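Here the structure is laid out as C-alpha cells; the discussion comes afterwards.
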C-alpha cells in the first residue's frame with residue numbers, strides 16, 4: 001500500500017493596513033485646539049478647549065486637554081484609525097507649546113493608538129517687520 005499525504009493549504013491572512021491620521025495640536029496659554037485630518041487633509045474631527053469646559057480660564061489646562069483627547073479618541077476609533085502623526089504648534093515666537101500638548105499625546109497613546117511621529121511646526125519670524133513698541137521699547 002502506498003501512503004498518500006494530503007496537503008492542506010492554509011489561507012494567507014492579509015495583514016490589515018493601519019489607517020493613518022494627522023493630529024494637529026495648537027496650544028497657546030489661553031486655549032487648546034485639536035484638529036484631526038486624514039493624510040490628504042480632509043477633516044475628521046475638531047475639538048477645542050471651549051467645547052469641553054465652560055470656564056474660560058481652564059481652556060489651556062492639561063486636565064481639559066485629557067478630555068479633548070478622550071473626545072477625539074471616540075471620534076476616530078469608529079473610523080478604524082490606529083496610527084497617528086502629531087504636529088504641535090505654539091503661538092508664533094513662543095519657545096514652548098502650551099500646557100495641553102503633552103497631555104493630549106499621552107492620553108491618545110494610552111487609548112491604544114500608535115504614535116508614528118511628533119513634529120513641532122511652530123512658526124518663527126526670520127527678520128521680518130519690526131516688533132511693535134518703538135525704538136525705546138514698551139515702558140510701564
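Dividing the Cα radius of gyration of region 99-140 by 2.2 N^0.38 Å, with N the residue count, gives 2.08. FRET efficiency for the residue 116 to residue 55 pair, using the beta carbon distance and R₀ = 41 Å, is estimated at 0.75. Over region 69-140, the ratio between the Cα radius of gyration and 2.2 N^0.38 Å evaluates to 1.61.
Computed over the chain, the per-residue total of -39500 (n - 2.57) for DSSP H runs of n ≥ 4 gives a 222 nm mean residue ellipticity of -6500 deg cm²/dmol, rounded to 500. According to the Kirkwood expression over distinct Cα-Cα pairs, how big is the hydrodynamic radius of the chain, in Å? By the Kirkwood definition, the hydrodynamic radius is 17.7 Å.
Shown for region 14-59 is the translational diffusion coefficient from the Stokes-Einstein equation, using the Kirkwood radius over Cα pairs, a temperature of 20 °C and a viscosity of 1.002 mPa s: 176 µm²/s. Quick one: helix 101-110 against the long Cα principal axis of the chain, what's the angle to the nearest 10°, folded into 0 to 90? For 101-110 against the chain, the angle is about 10 degrees. How high is the relative contact order of region 19-120, in percent, counting Cα pairs under 8 Å that sit 6 or more residues apart? Reported as a whole number, the value is 33 percent.
For the chain, the longest principal axis of the alpha carbon atoms and the long axis of helix 62-77 meet at an angle near 40°.
Each reported figure results from applying straightforward, stated rules to the coordinates on display, with no laboratory input. Quick caveat: nothing in here was measured; it's all calculated off a predicted structure. Reconstructed Cβ throughout: ideal geometry from the backbone, glycine too, with neighbour counts over all protein chains shown.
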